[in-house]
Amino acid sequence: MSVEMRAGLSASVLLAVTCAGSPAWAVPSYSRQTGEPCTSCHYGGYGPALTPHGREFKLGGYADGKAIIPLSVTASASFTHTAKDQSEDASEHDGRNDNFALNEVVGWIAGRILPHLGSFVAIEYSEPERHAELDHFNVTYALPLRIGGKDAILGITANNAPGSTDPFQSFSEMAFPHDSAELVPERIGVPLLTDGLGGQVGGLNGYLWLDDSVYAEIGGYRSLDHRLLDTIGVEDEAGKIAGVATYGRLAYQKDFGKQVASVGLVGMRVALHPERDPGPTNKYTDWGLDATYQYLGNRKNIVAANITYLHENQQRDFDVEQGVTARRDHRLSSVRANVSYYRDNTYGVTGALFDSWGTRDTDLFEPEEDGGSRTGKPNTSGFILQADWTPFGKESSPLSPWLNLRLGLQYTGYFKFNGAQRDYDGFGRDASDNNTIYAFANVAL
Amino acid sequence: MRGRTDSLIAAAFALGATALFLAMPLAGLRAAGDHEAGADVFDAYCSDCHSVSPKGTNRKGPSLYRVLGRRAGTVPGFDYSQGMAKSGLVWNPQNLNVYLANPRGMFADGKMKKGLPRPEDRANVIAYLANPD
């Protein structure tokens, strides 16, 4: 891979990773372990969106309940239609449009290992990429204790993605949309925290959860050795972290019983050697705000809302030295908001808005068919409408806790894409040409 | 003979008075408790951790199927706190009401952190637990 290509990847923050669909994050082994139906931990009856009880389970180190064989399998299939065909095939094994795909089959090692110790580990096979990799790794030890007469959990987590430890799921790939089209043109300009490092790093995080209300976390990440990345099937896209990347999270939750709300802060600092060689780095400083709200009522008819703001400062010393760009300092901001309603924890509708904007750089972001930018701006905005059906996942469901299923239909409309509404890529493609109908089926065993 | 009769009458009276004393608050709770509202309270505040399925499923908390009349800390397969396991308590509407008002007030080492602060919620959920089928 050339320096320019790699710099472009770091510039656009690893779009392939970001745009890839998430694994189907529902893990029935947890249900078998705890005796609880999926709806206890996930509003809507299917992961990954967590209820306060689900947050508590995650913070408890996935270790509540009895020891079982902690294995699950999930699979996701989809159909993707964009308003206009892409200029080239969406992948080596797919066409330019109207693609059916078995997105992934995921094997999970997810459950209690020892008292207070549990895992959330996924090995994913991607059908479009014909490739298996260690997708998600989280092993947590959580010690319950009392501080100042209040219940608390002190935890330590080994994981492979900043943000993946967040029980509020505001900034990682676990934020809405949990299912998204993979075989579509790629966006530029996604903050690094939104998954630019996922899978390629190893981190150790410590957290405190105090009185079911205050959450504080700090962690450090280093790049995994490229030979290890080869072994676990992960492509080395980000380069090497110089020293240690730091991650911090602070949040406050108020649980009213039938309602719960939270506000929080997040921050991350990373310096990357894109070529893994000594010398100048590209530095990223991310900070963000989030707020969440859930009306859970009697746990049947639920409203959930999330809003996040994330800002990233970039200092591209490496890119400047390599001649990739003349502009050292970049800014990138994004806002996302979504509201969901679930009836009987079965029938769901979600509406979402997203907007991201940043520094214009015509060297870094060049015209290119479908995925480039004519204007050099990383600005993208649009909306998502999703309807989904989750017939199982309740205590009374057939085959509970052995089977869960979600069928969904999603429409993504773009106001802007990679910097413009019209002819955004410099080859005549409009933002609305990327409007996407995405039908998906997720199953979990 | 008269003395024995008097004793029997006194014993019967005492027994009756005790039964009435016990029954009145029970009746009061049952009368005050709304079964349907109790189901809603259970779903909202209890169902994440407890099941009332006849299968007797334990979750983060033990099964509450037929909890009234059961000795505390005896559901098979659930790991109780020592305080509850050794209490010898038999659940009835009165002690369940006290427990639900402040679980850690009754069992300091108990696993259940949150109770139901509103008396009507407790009365309703107890009415529901008396007959969740």
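The values are calculated or read from the model by the stated rules, or taken from the named source; none is laboratory data. Given the structure is predicted, the values throughout are model-derived calculations rather than measurements. Heads up, the Cβs are rebuilt from the backbone with ideal geometry, glycines too, and the neighbour counts pull from every protein chain shown.
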Among residues of the range B:37-74 being assigned to a loop (DSSP other than H, G, I, E, B), buried (at least 18 other Cβ atoms within 10 Å of the Cβ) and of a type in the set (Val, Ile, Thr), the residue nearest to the other protein chains (Cβ to nearest Cβ) is B:Thr57
Checklist line | Residue check, A:Asn306 among the polar types (S, T, N, Q), away from chain B (no Cβ under 14 Å), buried (at least 22 other Cβ atoms within 10 Å of the Cβ) and farther than 13 Å from A:Gln259 by Cα | finding: yes
A:Val266 vs (1) farther than 26 Å from A:Phe168 by Cβ; (2) crowded, with 19+ Cβ neighbours inside 10 Å; (3) hydrophobic (A, V, I, L, M, F, W, C): all pass except (1)
Those residues of the range A:266-300 which are among the acidic types (Asp, Glu) and either at positive phi or touching a residue at least 60 places away in the same chain (Cβ under 8 Å) (or both) amount to A:Glu275, A:Asp286, A:Asp290
In the range A:421-445, anything over 30 Å from A:Trp389 (Cβ atoms) and out of contact with any helix residue (DSSP H, G or I) (no Cβ under 7 Å at 6 or more places or on another chain) is listed as A:Arg422, A:Asp423, A:Asp425, A:Gly426, A:Phe427, A:Gly428, A:Arg429, A:Asp430
Taking the range A:33-54 and keeping residues more than 13 Å from chain B (Cβ to nearest Cβ) and crowded, with 24+ Cβ neighbours inside 10 Å leaves A:Gly44, A:Gly45, A:Tyr46, A:Gly47, A:Ala49
Per the filter on the range A:181-224, residues assigned to a loop (DSSP other than H, G, I, E, B), among the charged types (D, E, K, R) and more than 30 Å from A:Asp98 (Cβ to Cβ) are A:Asp211, A:Asp212
Scanning the range A:199-216 residue by residue, those surrounded by fewer than 21 Cβ atoms within 10 Å (Cβ to Cβ) and in contact with an Asp or Glu (Cβ under 9 Å, 6 or more places away or on another chain) turn out to be A:Gly206, A:Leu208, A:Leu210, A:Asp211, A:Asp212, A:Ser213
If we keep only residues of the range A:55-71 that are part of a helix (DSSP H, G or I) and in contact (Cβ under 8 Å) with a residue 60 or more places away in the chain, then the residue nearest to the other protein chains (Cβ to nearest Cβ) is A:Glu56
Here the residues within the range A:347-383 that are of a type in the set (Val, Ile, Thr) and either under 17 Å from A:Pro191 (Cβ atoms) or crowded, with 21+ Cβ neighbours inside 10 Å (or both) are A:Thr350, A:Thr359, A:Thr380
Apart from one, (1) surrounded by fewer than 19 Cβ atoms within 10 Å (Cβ to Cβ); (2) assigned to a strand (DSSP E or B); (3) touching a Lys or Arg at 6+ places or on another chain (Cβ under 9 Å); (4) not small (Gly, Ala, Ser) all hold for A:Phe440; the odd one out is (1)
Worksheet entry | Qualifying residue in the range A:321-337 (condition: assigned to a helix (DSSP H, G or I) and out of contact with any Lys or Arg (no Cβ under 7 Å at 6 or more places or on another chain)) | yes
The residue from A:Gly408, A:Gly419 that alone is more than 30 Å from A:Arg316 (Cβ to Cβ), among the small types (Gly, Ala, Ser) and in contact with a strand residue (DSSP E or B) (Cβ under 9 Å, 6 or more places away or on another chain) is A:Gly408
Log entry, pairs with first residue in the range B:71-97 being without any contact (Cβ under 8 Å) to a residue 40 or more places away in the chain, second being outside any helix (DSSP H, G or I) and among the hydroxyl-bearing types (Ser, Thr, Tyr), beta carbons closer than 7 Å, six or more apart or on different chains, reads B:Ala72/B:Ser87; B:Gly73/B:Tyr80; B:Gly73/B:Ser87; B:Val75/B:Ser63
### Message
Criterion first (farther than 26 Å from A:Lys150 by Cβ, away from every other protein chain (no Cβ under 14 Å) and part of a helix (DSSP H, G or I)) does B:Ala123 satisfy it?
### Response
yes
The condition from (1) closer than 27 Å to A:Gln33 by Cβ; (2) surrounded by 14 or more Cβ atoms within 10 Å (Cβ to Cβ) that B:Asp79 misses is numbered (2)
task = Consider B:Gly83 carefully, then state whether it is at pLDDT 90 or above, out of contact with any strand residue (DSSP E or B) (no Cβ under 7 Å at 6 or more places or on another chain) and outside any loop (DSSP other than H, G, I, E, B).
result = yes
Only unsatisfied item for A:Gly257, checking (1) closer than 30 Å to A:Asp344 by Cβ; (2) more than 14 Å from chain B (Cβ to nearest Cβ), is (2)
Across (1) within 14 Å of B:Tyr128 (Cβ to Cβ); (2) of a type in the set (D, E, K, R); (3) more than 9 Å from chain A (Cβ to nearest Cβ), B:Lys86 clears everything bar (1)
Per the filter on the range A:227-241, residues touching a His at 6+ places or on another chain (Cβ under 6 Å) and modelled with pLDDT of 90 or more are A:Gly239, A:Lys240
Picked from the range A:280-302 (must be over 20 Å from the mean Cα position of the chain (by Cα) and away from every other protein chain (no Cβ under 14 Å)), the residue surrounded by the fewest Cβ atoms within 10 Å (Cβ to Cβ) is A:Lys283
